[in-house]
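Every number here is computed from the coordinates shown, using simple stated rules; none is lab data. Keep in mind that what you see is a predicted model, and the values were worked out from it rather than measured. Positions of Cβ are generated from backbone atoms using ideal geometry, with glycine treated the same way; all protein chains shown enter the neighbour counts.
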Amino acid sequence: MGEACVRSRARQVALVVAGALVCAALPSAAAAEAPVQPYGANDAGGFRNVLPSGENGFDNATQLAEFELTGTNPPHFADQLPPYADLLYASPTLTHAQIPEYFKDATFGVKEGDLASIESPRADVTIERDSSFGVPHIYGRTRAGVMFGAGYAAAEDRLFFMDVLRHAGRAELSSFAGGAEGNRAMDRTQWSIAPYTEADLQSQIDDAPKLYGGAGEQAVEDGKEFVAGINAYINAALLDPNLLPAEYAGLGRQPTEWKLTDVIAEASLEGGVFGKGGGAEVRSALALEAFEKRFGRRAGRAAWKNFREANDPEAPTTVSKSFPYETAAPFAPAGLALPDPGSLTFVNIGEELKASAALRPRSSSSGGGEVTDTPDPQPIPNDGSIGSELLHQALAGPPHESNWELVNASHSTDEHSLAVMGPQVGYYTPQLLMEEDLHGPGIDARGAAAPGLNTYVQLGHGRDYAWSITSAEADTVDTFAEVLCEDDFHYLYKAQCLAMERLEHTNIWTPNASDKTPAGSEKLTVYRTVHGIVYARGTVKGKKVAFASARATYFHEADSATGFSELNEPGFITSPEKFQQAVSKINFGFNFAYVDANHIAYYLSGWYPKKAPKTSPDFPILGTGEYDWQGFNPQLRTEEVLAFKAHPNAIDPDFLVSWNNKQAPRFAAADDRYAYGPIYRMQLIRNFIEKDIAGGKRMGIEQLVSAMEEAATQDIRMVVLWPILKQVLGTPSDPRLQDAIAKLESWYADGGHRRDLTNKNIASPGTYQHNDAITIVDAWWPKLLEAEFRPALGNEVFDAVRSMLRFGPPNPGSPPAEPDFSDGWYGYVSKDLRDLLAASGSGATPEGAYSRIYCGNGSLEACRGELQNSLLEALSATPAEIYGNGACAEDAQASCFDMNRWISASAITVPPFPFQNRPTFQQVVELTKTLSR
């Protein structure tokens, strides 16, 4: 390592500062090789952020013992949680002067007097940490030094969690952490999504220069230096127990050397959860089958399209301009491969995986799975393992609290653009993101990145611009029906009978202090075709087929590095147009936001394959070769994708909002997205912004923060649906219903918030204002949906729709979970009831009216009676029945049920905090100038 100063993480802050003085005494030649920039150098100012619970995710044996004895956290482990949580109480009257109380300074560098430590793990890199929050500020004399430092700092802050993620990415979490059913289920899921041999992982590295030339070569070199930094810390930790995460002892393990293929494996885990959409063609076909069985072919298909909502004209969108994509009819005949009724089975990739559970809503009889209506392919064990927690995220898709909101300079009080933005990656301890400040040749950026993948800042700011994302969930995954030949493991492709590739992986586990599961093993097996991984089998028109999942990013999870590298490069990002060019090179599907002092911009990233002409975007397509993606190369697994200008994008509209909503009119929702109807929660934020700029008014950054935070506690059912529901309910004579309606109306008038502004103890749930009304709605919602839709749809169709789209949280009787109010039947209720009111002469016909009215089979009187009865039934439910499970067994109320709870990958735990539906890492950007390059 040459001359270096490695800080001991066991020391108290005072000792670390003293160590900094020793480091400062290194020979001047070494210091000159990795110069440190002063605070604010090359930074326009105006950047703030917050990342709960804190930057540090490390605890050694001494610190863990102290935590267990006194409850004292290691430094910077949870110091960003209080400002994050406390914004809830300040939001209604937030002032500009208060913003620093809730979002820390994110300027480049360390302020004078705020230096906690300095180290030089290699001669060409220096890492400073600030005493305020422990953020690593990394300065490289060379680009290689910056990359090395990023890897070293990541290992300092997240080594054990990175190890969890790399093993999960390789589908060997159970071998690493123990054989708990949750870990094994996570392995099965990962092996079904991204099964790779070591040679497969290496091929992604080897192919980068072939596909991307010099940029690909640079990405590989950056990755190698990054891994060298991780390994340098591991080597130091193996020699000094104070540097070793305590969690390893619980598993009876020590960290082992990283390889660049480990980074690719972790990227495959991230890519399988975030940045993808689609792939539910077989499930959609099963839903269609139920509709046709109930209503007949013609009426059934029309009714299915009602609930599919691929292009609802009322759907809220980020941009108003139309961007047509996947315009072919769902029943386009070319290559259509609908499974024959009753023929479908789902593959069993693990020895104990029950394929019969696939596509069925979880129930109390699902072998330990939680009671919920989410359409997961298999029950998720609730055994407290890290695997079960990761699996919830993997199967539910990206967390849905990510949002960003941008306001044009012409509408701001200081005549400069405004932004509040961030991704939601769940609440993990340690956090699934880490913060870093990177400076060196071709790199000037500060922000957040996934540890183990943090070669570059992935979400943050450059010198005078900032960017962020929300998950787009646009269609990057299709299903091909491989026609079998010879036997079940050969298929026809371009007139040849090809053998499927068998991919096997065996996990072996033994008991450890953290997981007492008896020793055992499990073999995981999948079959791969030229298109992808086989996940189901059946027949199409009597012929045996295997259904294979084709993901555009499969074998290309690391390709996005070139785009992220450009986002960090000050010489490249000089305008919103250059920003759009950079993010267009990112193959994951993200809604990218951009802001500088004078501009705001948006671009949808991702590889969206050009499908064969006149083929269905909704259902499986024959995989015999005639209907491949255009330009498909089976060797490189590449294809033609949507052109740059065809991606939804915008520069300098009045404002922009994304909260995982539909991107643009006519940009069809992915086949697994049944939720893009007339109601989506981005309307909550949009409503506040429109009010604040109406009539020529201008808004400040404090108002934009409040727009986000006020929406973060609103219940969309009350804010958007209640006026419609109230009209249909009418004026009941039953005094119990009259009282309930009065309570609901009072809650609606107060904004429909789920919060307690009087309880300032973030460790306590308090009791919500309008608690009775909230309890009523939570009990009523599933009963309302049953009453409105099940009689007309019948049991089979109702359950089929529910398998594609959950009702929407909260879920009475389930374990506590914070509600995101993202995907749910909100739009179905709105459209159907407005159709009903229009038919009865009580309202206008909505755009995109359904093919039939479901509530009351079209009778307002019948529907009114059904909804009143369902509300009356809900009033008999007790709080214990609704909320009294798990952590809320002794505090059965909505405020306990909703709390944001932490997923722990650490021996250090953090208590839950009151509900907020907002990003995890969040930036507040208020720029007033641009800098010359």
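Cβ crowding within 10 Å ranks TRP722, TRP467 as TRP722, TRP467, fewest other Cβ atoms first.
If the segment from ARG297 to LEU875 were pulled out straight at 0.36 nm per residue, it would be longer than the present Cα-Cα gap by 204.1 nm. The simple spin-label model puts a point 7 Å past each Cα toward its Cβ; for ALA97 and ASP488 those points are separated by 7.3 nm.
Quick one: Debye curve from the alpha-carbon atoms of the chain only, equal weights, vacuum; give me log10 I(q)/I(0) at q = 0.08, 0.09, 0.10 Å⁻¹ to two decimals. Log10 I(q)/I(0), no solvent term: -0.73, -0.94, -1.19.
Each label was represented as a point 7 Å from its Cα along the Cα-to-Cβ direction; for GLN254 and ASP734 these points are 6.9 nm apart.
Using a 10 Å cut-off around each Cβ, can you sort HIS96, HIS137, HIS599 from fewest to most neighbouring Cβ atoms?
HIS96, HIS599, HIS137
Could you work out the Kirkwood radius for segment 70-161, taking every pair of different alpha carbons, averaging 1/r and inverting it, reported in Å? Radius from the Kirkwood sum: 15.3 Å. Beyond 27 Å in Cα-Cα separation lie the following of the pairs LYS662/LYS760; LYS305/LYS691; LYS321/LYS697; LYS645/LYS697: LYS662/LYS760; LYS305/LYS691; LYS645/LYS697.
Here's the list of aspartates and glutamates a cross-link from LYS578 could span, going by alpha-carbon distance under 20 Å and ignoring same-chain residues fewer than 8 apart: ASP43, ASP444, ASP464, ASP559, GLU566, GLU569, ASP596, ASP652.
Could you compute the net charge surrounding ALA44? Neighbours are other residues with a C-beta less than 14 Å from the C-beta of ALA44; K and R count +1, D and E count -1.
Values: positive: ARG48, ARG446, ARG463, LYS929, ARG933; negative: ASP43, ASP105, ASP414, ASP444, ASP464, ASP596, GLU926.
That sum, taken over residues with Cβ under 14 Å, equals -2.
In a simple Cβ point-charge model (Lys, Arg +1; Asp, Glu -1; nothing else charged), segment 417-571 has a dipole of about 700 debye relative to its Cα centre.
Going by average Cβ density within 10 Å per residue, which order do the peptides 469-478, 619-628, 86-95, 172-181 take, highest to lowest?
Numbers: 469-478: 26.9, 619-628: 21.7, 86-95: 18.0, 172-181: 24.7.
Final packing ranking: 469-478, 172-181, 619-628, 86-95.
With a cut-off of 10 Å between beta carbons, the residues surrounding ASP671 carry a summed charge of -3, where Lys and Arg count +1 and Asp and Glu -1. Placing +1 on the Cβ of every Lys and Arg and -1 on the Cβ of every Asp and Glu, with nothing else charged, gives segment 714-904 a dipole about its Cα centre of roughly 260 debye. Semi-axes of the equivalent ellipsoid for segment 714-904, computed as √(5λ) from the eigenvalues of its C-alpha gyration tensor and ordered from largest down, come to 29, 19, 15 Å.
Highest mean first, the peptides 63-70, 747-754 sorted by other C-beta atoms within 10 Å per residue fall in the order 747-754, 63-70. Once backbone amide H atoms are built at 1.01 Å from N, ALA550 has ASP478, THR479, PHE480 as its partners under 5 Å, excluding neighbours fewer than 5 places away on the same chain.
Seen from SER53, the other residues with C-beta closer than 15 Å to its C-beta sum to a net charge of -2, counting Lys and Arg as +1 and Asp and Glu as -1. When the Cα convex hull of segment 505-616 is projected onto planes of every orientation, the mean area is 13.6 nm². Placing dummy labels 7 Å off each Cα toward the beta-carbon, the span from GLU504 to ALA849 is 6.1 nm. Applied to segment 238-253, the Karplus parametrisation 6.51 cos²θ - 1.76 cosθ + 1.60 on θ = phi - 60° returns per-residue 3J(HN,Hα) values of 5, 9, 10, x, 5, 9, 9, x, 5, 5, 4, 4, x, 9, x, 10 Hz, with x for Gly and Pro.
For the residues ARG188, ARG933, what sequence is obtained by ranking on other C-beta atoms within 10 Å, fewest first?
The fewest-first ordering by Cβ neighbours comes to ARG933, ARG188.
Sorted on the mean count of surrounding Cβ atoms within 10 Å across their residues, most packed first, peptides 697-708, 724-735, 918-929, 832-843 read 918-929, 697-708, 832-843, 724-735.
Where nothing but the Cβ of Lys and Arg (+1) and of Asp and Glu (-1) is charged, how large is the charge dipole of the chain around its Cα centre, in debye to the nearest 20? It comes to approximately 2100 debye.
Could you give the length gained on full extension between GLU112 and GLN635, defined as 0.36 nm per residue of separation minus the Cα-Cα distance, in nm? Walk me through the intermediate numbers first.
On the way: separation 523, 0.36 × 523 = 188.28 nm, distance 5.49 nm.
Between GLU112 and GLN635, full extension yields 182.8 nm more.
Here's the picture: charge each Lys and Arg Cβ at +1 and each Asp and Glu Cβ at -1 in segment 90-248, and of PRO136, TYR233, ALA168 the one pushed furthest to the positive end of that dipole is ALA168.
Here segment 259-321 yields Rg over Rh of 1.23, to two decimals, using C-alpha coordinates and the Kirkwood radius.
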